[in-house]
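J.: Just dropping this structure here.
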Amino acid sequence: MSVNSAEARRPVDVVLVKGGRTKIRYAAELLSDDGTRIAVRAPWAGDGVRDFGFVRFEAGDVFTEYYWRDRWYAIKEVRDATGALKGWYCDVTRPAALSGGELVVEDLDLDLWRSADGTDVRRLDEDEFEESGLAGRDPAAAAAAMAALDELEALATVEGGLESLLA
């Protein structure tokens with residue numbers, strides 16, 4: 001379903017599900033929905049500061065998040081309170097579903113970070129993915145998740161790669 005200009009900029013709740021349970025729910029503003037890609041904007045929804053060592057998410061940060069109904073990932077552009085780009089945090093997920101006021105996404109544990117200057121590209125949480133047991137429970141989903149992480153890494157290592165998906 002495509003969102004026309006009158007429907008855009010309406011509030012939605014992003015619901016991140018992990019292991020069958022809601023991991024986090026937060027309010028966002030729907031920016032666009034072309035029937036395949038959904039874009040929302042939200043302030044940092046975590047409690048306090050989350051310091052990963054290579055990036056800090058904190059109050060004032062703004063996430064412009066892109067989800068697909070036909071891809072196994074989401075890409076989140078992260079900017080600080082002044083609007084300076086920090087980088088892109090990418091989640092490997094099942095394809096997103098938008099229904100009414102909820103955007104539901106199932107997190108599959110794998111993540112990728114790319115710094116704003118492109119010098120830091122790192123795969124994250126591969127140990128959590130292995131521990132999740134998805135490969136045994138749903139081998140096809142596990143293969144799709146690994147392929148998505150590989151695709152994200154390939155895009156993140158070329159100039160303009162990730163950005164080409166967001167234009």
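J.: So which residue, out of Ala42, Ala147, Ala74, gets the largest mean-square fluctuation from a GNM of the chain using Cα contacts under 10 Å as springs?
T.: Largest GNM mean-square fluctuation: Ala147.
J.: Pick out, in residue order, every one of the trypsin sites (Lys or Arg not before Pro) in segment 1-93 that is DSSP loop and has at most 15 other C-beta atoms within 10 Å; say none if there are none.
T.: Arg9, Arg69
J.: Still on this model: Rounded, prolate or oblate: which fits segment 1-88, taking a ≥ b ≥ c as square roots of the Cα gyration tensor eigenvalues, rounded meaning a/c under 1.5, else prolate when a/b beats b/c? Spell out each step's value before the answer.
T.: Values: a/c = 1.80, a/b = 1.40, b/c = 1.29.
It is prolate, given that a/c is not under 1.5 and a/b is the larger ratio.
J.: Taking the Cβ of Asp120 as the center, what net charge do the other residues with Cβ under 13 Å away carry, scoring Lys and Arg +1 and Asp and Glu -1? Mind dumping the intermediate values first?
T.: Working: positive: Lys86, Arg114, Arg122, Arg123; negative: Asp117, Glu153.
Residues close to Asp120 contribute a combined charge of +2.
J.: Moving on. Using the beta-carbon distance between Thr22 and Phe54 and R0 = 35 Å, what value does 1/(1 + (r/R0)^6) give for FRET efficiency, to the nearest 0.05?
T.: On the way: r = 27 Å, r/R0 = 0.77.
E between Thr22 and Phe54, to the nearest 0.05, is 0.80.
J.: A further question follows. Looking only at Asp111, Asp80, Asp51, which one moves most when the chain is put into a Gaussian network model with springs between Cα atoms under 10 Å?
T.: Comparing Asp111, Asp80, Asp51 in the GNM, the peak value goes to Asp51.
J.: Also, I was wondering about something else. Name the most mobile residue of Ile75, Ile24, Ile38, meaning the one with the largest mean-square fluctuation, in a Gaussian network model of the chain with Cα contacts below 10 Å.
T.: Maximum among the listed residues: Ile24.
J.: Where in the chain lies the longest segment free of chymotrypsin sites (Phe, Trp or Tyr not before Pro) that are both loop residues by DSSP (not H, G, I, E, B) and have at most 15 other Cβ atoms within 10 Å? Kindly include the intermediate steps, with their values, before the conclusion.
T.: Numbers: sites that count: Phe52, Phe54.
With chymotrypsin sites (Phe, Trp or Tyr not before Pro) excluded where exposed in loops, the chain gives 55-167 as its longest stretch.
J.: Taking all pairs of different Cα atoms in segment 37-116, averaging 1/r and flipping that mean, what Kirkwood radius in angstroms comes out?
T.: On the way: mean 1/r = 0.0762 Å⁻¹.
About 13.1 Å, per the Kirkwood formula over Cα pairs.
J.: May I ask you to give the percent of accessible area on segment 37-167 that is carbon plus sulfur, with a probe radius of 1.4 Å? Could you put the intermediate results ahead of the total?
T.: Details: 2900 of 5990 Å².
The nonpolar share, carbon plus sulfur, comes to 48 percent.
J.: Moving on to the next point. What value, in deg cm²/dmol to 500, does the helix sum -39500 (n - 2.57) over DSSP H runs of n ≥ 4 give at 222 nm once divided by the residues of the chain?
T.: Working: 4 runs with 35 residues, N = 167.
Helix-only estimate at 222 nm: -6000 deg cm²/dmol.
J.: Counting residues in segment 54-167 as N, plug N into 2.2 N^0.38 Å and put the Cα Rg over that result. Could the numbers behind the result be given before it?
T.: On the way: Rg = 14.3 Å, N = 114, 2.2 N^0.38 = 13.3 Å.
The value comes to 1.07.
J.: List the GluC sites (Glu not before Pro) within segment 16-102 that fall in a DSSP loop (any state other than H, G, I, E or B) and whose Cβ has at most 16 other Cβ atoms within 10 Å. Show your work: numbers first, answer last.
T.: Working: sites: Glu29, Glu58, Glu65, Glu77, Glu102; in loops: Glu58.
Loop-located and lightly packed - Glu58.
J.: Can I ask one more? Can you give me the accessible area per residue for the chain, using a 1.4 Å probe, in Å²?
T.: Values: 8220 Å² over 167 residues.
Ligands and nucleic acids excluded, the figure is 49 Å² per residue.
The values are calculated or read from the model by the stated rules, or taken from the named source; none is laboratory data. Everything numeric here is computed off the predicted structure, so don't read it as measured data. Neighbour counts run over all protein chains shown; Cβ positions are idealised from the backbone, glycine included. Remember, those area values only see protein heavy atoms, side chains included, never the ligands or the DNA or RNA. Shrake-Rupley method; radii C 1.70, N 1.55, O 1.52, S 1.80 Å.
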